[in-house]
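All remarks here apply to the structure that follows.
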Amino acid sequence: MPVKAKRQVPPPEVVQGQHPMEKYLRADRIPHIWCAGCGLGTVLASFLYAVDDLGVDPDGIAVISGIGCTGRVAGYVRMDSYHTTHGRALPFATGLKLAQPDMKAVVFSGDGDLFAIGGNHFIHAARRNLDINVICVNNLNYGMTGGQAGPTTPLGGRCTTSPYGNFEHPFNLVHVAASAGAAYVARWTSLDVRRLQGAIQEMLVRKGFSFLEVIAPCPTNYGRRNKLGDGLDELHHYAEHAVIKHGADLADTEILPGQDFLVGKFIDEEKPTYWEMYQGKVAELEDRRRR
Amino acid sequence: MTAQRTHEIKRWRVPKGRICVQEDLCKGCGFCIDYCPRQVLEDAEHFNAKGYHPPRVIDPDECIMCRYCELICPDFAIWTEPLDEEEAQEEGQDAG
Amino acid sequence: MPARSVLSGVHFMNGDEAIAEGALAAGCTFFAAYPITPQSEIAERLAFRLPRTGGVFIQMEDELAAMAAVVGAAWGGTKAMTATSGPGFSLMMENLGLAIMTETPCVVANVQRGGPSTGLPTAVGQGDMMQARWGSHGHYELISLCPSSPQEAFDLTVRAFALSERFRVPVLIMTDEVVGHMYERVEIPEEISEAPRRRPTGPVEGFLPYKPDEDLVPPMACAGEGYRIHVTGLTHDERGYPDMSAEAHDRLVRRLCDKITRAPEAYTWTEELFMDDAEVAVISYGISARVALGAVELARKRGIKAGLLRLITAWPFPDDVVRGVAERVQGMVTVELNMGQMSREVDRVVKGRVPLAGVYHPGGRIHRPDEVLRGIEEVMACR
């Protein structure tokens with residue numbers, strides 16, 4: 001980067017003010033706990049900008065998180081927010097959504113929470129096509145608990161519980177989501193902030209089970225132990241290796257260390273939601289009763 | 001940072017608006033500085049309350065209000081305020 | 001016009017069905033469960049009835065999900081319930097704890113079967129009583145009720161929803177396979193007043209979701225009402241924000257327990273039969289209490305002044321009632337389909353004041369009256 005000649009810059013005023021998204025944040029809990037260079041804050045910001053841009057009434061949004069670094073998202077958004085037990089954000093959201101069908105339910109959780117302990121709930125929520133939006137921040141390991149290997153840790157990945165290199169074949173989350181029947185499947189990295197905002201807006205507007213995977217840096221744990229540099233270096237890695245290919249064959253979307261990987265919107269289909277089908281049955285019963 | 005957080009911000013005039021930095025929220029990740037397409041930002045020399053170097057504006061004329069710094073910042077520490085119409089006219093005469 | 005949820009009239013139904021109807025009558029509009037014998041009739045009836053009464057039935061992929069969905073639905077503003085048996089009950093423990101910590105009103109029915117493990121899926125047991133009390137992790141209080149008949153199964157389910165709303169705590173219906181599958185007359189009244197959920201009254205601004213009223217129970221702001229509260233299983237302060245300090249933990253956990261233990265009259269129910277002149281008291285609950293009653297009558301015929309203290313409320317344990325009985329009799333016999341669980345509570349309360357005996361059977365069948373009689377005679381012998 002060219003070094004700029006130092007020129008005299010008029011000094012900044014010092015005023016009172018607040019971040020444009022502060023209205024959606026529990027400002028008294030900011031600064032948040034996520035590490036320097038972690039991608040979570042960026043993904044949260046993208047979500048808030050999406051909500052703001054859409055003009056969705058925040059009173060009508062419920063954010064449900066599980067346990068883990070991403071799990072803390074629920075604690076920062078100034079909306080109906082639920083920080084549930086590990087892996088159970090989706091069934092919790094299922095109950096809440098079916099009790100409040102007009103609310104937008106956003107499950108914001110991590111790779112471990114949604115696909116290890118919560119994996120069974122994920123595939124069934126997708127299978128049912130519940131109208132729930134899942135934002136899965138995939139930082140390739142369990143960050144909160146100190147950097148253990150997780151279901152998406154790449155082969156050879158060094159973690160506190162895979163000190164000799166992970167040899168378990170990781171999930172390809174978008175492939176799992178698609179094969180479980182998710183009607184909307186996309187993957188971006190935390191560098192692609194405008195595309196993230198676009199994807200989140202698409203999810204919030206459409207009906208049915210929507211899944212967005214966001215690859216994000218975890219400098220403190222996975223990045224450090226696997227010599228990926230700091231958060232910025234990981235973003236540079238995304239810039240070099242993330243290749244946009246909308247509608248790609250999901251079999252090609254695996255993430256292999258050091259190699260290019262595909263991002264984009266892979267699936268976007270309309271399918272009747274669980275609630276629509278449930279209401280359909282209720283309507284049938286009503287008709288039969290009336291006749 | 002358990003003390004009550006102040007909302008004190010430094011605000012630089014840039015031709016198309018203002019760049020706002022709430023210094024004490026910055027964790028020095030460098031995203032905004034690195035990804036600003038016009039190299040408008042740089043690490044400040046001083047440290048913030050947490051011991052990080054917050055960003056400071058070193059080339060205001062270059063800022064094109066692309067807002068990437070604002071969108072990529074993980075800590076809600078930097079954002080932009082586009083000029084409203086009259087300010088923009090006023091700006092127009094100065095620049096003209 | 002949806003079908004009536006209060007199925008007024010006289011019916012001939014089993015305990016499971018009575019629990020289902022009790023839930024509907026109490027205003028339950030969300031039921032999530034996973035199939036398990038001997039709970040099936042509850043889920044099957046609600047699968048049939050809820051879509052017709054404007055409610056939601058969903059079969060979840062496991063009991064972890066069922067319990068999580070119930071907690072979610074309660075925060076969605078509904079009266080929510082699940083039902084299971086031993087193995088599922090074990091899977092529900094963590095999210096039961098979430099409901100306790102976040103003070104979420106809900107009802108869980110456990111139609112107990114022979115255990116441990118897969119045990120006797122189609123046969124009776126009462127071995128989950130301590131699990132009902134201490135199954136989740138951490139220290140807490142909750143309310144457990146034990147019906148001895150389908151009628152009582154109906155009545156206690158209605159009361160369970162009222163108690164869960166009043167105390168904002170999960171309430172367990174700890175029944176068993178025999179009561180669950182036995183058919184008896186069940187009368188459902190004309191109407192049942194639905195227990196109100198305690199709502200916030202003040203403005204959204206400055207509302208503290210976990211600032212309790214004087215009875216130590218906070219008003220509940222549900223999703224979509226504009227209060228935008230944060231609900232977390234982490235120890236939290238009155239704002240609902242996580243607070244990891246020991247002081248915050250002490251305040252919260254102490255309140256979660258005190259809010260229940262300070263008002264025993266609201267949920268403590270027992271029944272005393274032949275106890276006026278009784279010299280030996282038989283203590284039992286659920287199906288075992290009905291056999292115990294037979295044994296008490298048998299003992300009376302043999303000139304033994306026996307009486308029955310039937311526990312309807314298992315948790316919080318009715319210490320005062322049992323202590324009061326211990327002061328009036330010379331011996332006590334606990335009868336239950338496990339190897340001694342509630343008997344430990346009796347022992348804790350009686351503190352050796354009178355000799356205690358236990359008539360235990362691990363499940364698979366109910367006791368025979370003569371087995372209970374032998375227990376009565378045993379304790380009479382060592383007065």
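The values are calculated or read from the model by the stated rules, or taken from the named source; none is laboratory data. As the structure is a prediction and not an experimental result, all values here were calculated from the model. Here the Cβ positions follow ideal geometry from the backbone for every residue, glycine too, while neighbour counts run over all protein chains shown.
The strands (runs of 3 or more DSSP E) found entirely in the range C:69-177 that carry 1 or more residues being away from every other protein chain (no Cβ under 14 Å) and of a type in the set (Gly, Ala, Ser) are C:79-84, C:106-114, C:120-124, C:143-145.
Would you call A:Ala239 in a helix (DSSP H, G or I) and free of Cβ contacts under 8 Å to residues at least 60 places away in the same chain? For A:Ala239, the condition - in a helix (DSSP H, G or I) and free of Cβ contacts under 8 Å to residues at least 60 places away in the same chain - is met. How many residues, within the range A:18-45, are closer than 14 Å to A:Arg194 by Cβ and in contact with a Ser or Thr (Cβ under 8 Å, 6 or more places away or on another chain)? Matching residues across the range A:18-45 total 2. Scanning the range A:75-118 for residues that are closer than 19 Å to C:Gly233 by Cβ and of a type in the set (D, E, K, R), we see that the one that is nearest to the chain's Cα centre (by Cα) is A:Asp113.
Set side by side, the residues C:Pro218, C:Pro242 differ, and just one is farther than 30 Å from C:Ser148 by Cβ, within 23 Å of the chain's Cα centre (by Cα) and at pLDDT 95 or above, which is C:Pro218. Answer with yes or no whether C:Tyr285 is in contact (Cβ under 8 Å) with a residue 12 or more places away in the chain and within 23 Å of C:Leu156 (Cα to Cα). Against the criterion (in contact (Cβ under 8 Å) with a residue 12 or more places away in the chain and within 23 Å of C:Leu156 (Cα to Cα)), C:Tyr285 qualifies.
Does the range B:42-65 hold any residues that are more than 20 Å from A:Gln8 (Cα to Cα) and within 10 Å of chain A (Cβ to nearest Cβ), and which are they? If the condition is that a residue be more than 20 Å from A:Gln8 (Cα to Cα) and within 10 Å of chain A (Cβ to nearest Cβ), then B:Ala49, B:Lys50, B:Tyr52 are the ones that fit. Note on the range C:229-251: among residues that are of a type in the set (A, V, I, L, M, F, W, C) and closer than 17 Å to C:Pro105 by Cα, the one that is farthest from the other protein chains (Cβ to nearest Cβ) is C:Ile229. Pairs linking a residue in the range A:265-291 that is more than 13 Å from every other protein chain (Cβ to nearest Cβ) to a residue that is among the hydroxyl-bearing types (Ser, Thr, Tyr), with Cβ atoms under 6 Å and 6 or more positions apart or on different chains, are A:Asp268/A:Tyr184.
Only one of the numbered conditions (1) more than 11 Å from chain A (Cβ to nearest Cβ); (2) crowded, with 24+ Cβ neighbours inside 10 Å; (3) in contact with a Phe, Trp or Tyr (Cβ under 9 Å, 6 or more places away or on another chain) is not met by C:Phe12, and that is (2). Selection of the range A:97-111 for residues being without any contact (Cβ under 8 Å) to a residue 60 or more places away in the chain, out of contact with any Cys (no Cβ under 9 Å at 6 or more places or on another chain) and at the interface with another protein chain (Cβ under 7 Å from one of its Cβ atoms) yields only A:Met103.
Being in the same structural domain as C:Thr102 (by TED's automatic domain parsing) and closer than 23 Å to A:Ala62 by Cα is a description that applies to C:Met81.
Go through A:Ala45, A:Ala27, A:Ala36, A:Ala89 for me and flag whichever is over 30 Å from C:His137 (Cβ atoms) and more than 7 Å from every other protein chain (Cβ to nearest Cβ). Unique residue meeting the criteria: A:Ala27.
For the range A:133-165, filtering for residues that are assigned to a strand (DSSP E or B), polar (S, T, N, Q) and touching a residue at least 60 places away in the same chain (Cβ under 8 Å) leaves 3. When the criteria are applied in full, A:Pro58 fails the requirement of being touching a residue at least 24 places away in the same chain (Cβ under 8 Å) and within 12 Å of chain B (Cβ to nearest Cβ).
In the range C:316-336, the residues that are at pLDDT 95 or above form Cβ pairs under 7 Å with partners that are among the basic types (Lys, Arg), at six or more places apart or across chains, as follows: C:Ala326/C:Arg353; C:Gln330/C:Arg383; C:Gly331/C:Arg383.
How about the range C:329-352: which of its residues are buried (at least 17 other Cβ atoms within 10 Å of the Cβ) and part of a loop (DSSP other than H, G, I, E, B)? Walk me through it before giving the result.
Going through the range C:329-352, the residues buried (at least 17 other Cβ atoms within 10 Å of the Cβ) turn out to be C:329-338, C:341-343, C:345-346, C:349-350.
Result: C:Val329, C:Gln330, C:Leu337, C:Asn338, C:Gln341.
Being within 23 Å of the chain's Cα centre (by Cα), under 20 Å from C:Gln131 (Cα atoms), surrounded by fewer than 16 Cβ atoms within 10 Å (Cβ to Cβ) and among the basic types (Lys, Arg) is a property that C:Arg365 lacks. Among the residues of the range A:9-26, the one identified as in contact with a Lys or Arg (Cβ under 6 Å, 6 or more places away or on another chain), within 24 Å of B:Ile58 (Cβ to Cβ) and surrounded by 17 or more Cβ atoms within 10 Å (Cβ to Cβ) is A:Pro12.
Only residues that are of a type in the set (A, V, I, L, M, F, W, C), closer than 25 Å to C:Asp176 by Cα and part of a helix (DSSP H, G or I) were counted in the range C:300-328, giving 2.
The strands (runs of 3 or more DSSP E) found wholly in the range A:1-84 and carrying at least 3 residues that are farther than 20 Å from A:Leu204 by Cβ occupy A:13-16. Would you call A:Ile67 modelled with pLDDT of 95 or more, of a type in the set (A, V, I, L, M, F, W, C) and either farther than 21 Å from B:Leu71 by Cβ or in contact with a Phe, Trp or Tyr (Cβ under 6 Å, 6 or more places away or on another chain) (or both)? Yes: the conditions hold for A:Ile67.
Of the candidates C:Pro316, C:Pro355, the single residue that is farther than 13 Å from C:Val379 by Cα and surrounded by fewer than 21 Cβ atoms within 10 Å (Cβ to Cβ) is C:Pro316. Tallying residues that are of a type outside the set (Gly, Ala, Ser), assigned to a helix (DSSP H, G or I), within 13 Å of another protein chain (Cβ to nearest Cβ) and out of contact with any strand residue (DSSP E or B) (no Cβ under 8 Å at 6 or more places or on another chain) within the range A:173-228 yields 5. Restricting the range C:43-55 to residues that are in a helix (DSSP H, G or I) and touching a strand residue (DSSP E or B) at 6+ places or on another chain (Cβ under 9 Å) leaves a set whose member that is nearest to the other protein chains (Cβ to nearest Cβ) is C:Pro51.
Each residue in the range C:56-78 was checked for being more than 16 Å from C:Ala43 (Cα to Cα) and touching a strand residue (DSSP E or B) at 6+ places or on another chain (Cβ under 6 Å), and 3 pass.
C:Glu205 meets each of the listed conditions (1) modelled with pLDDT of 95 or more; (2) farther than 21 Å from C:Val124 by Cα apart from (1).
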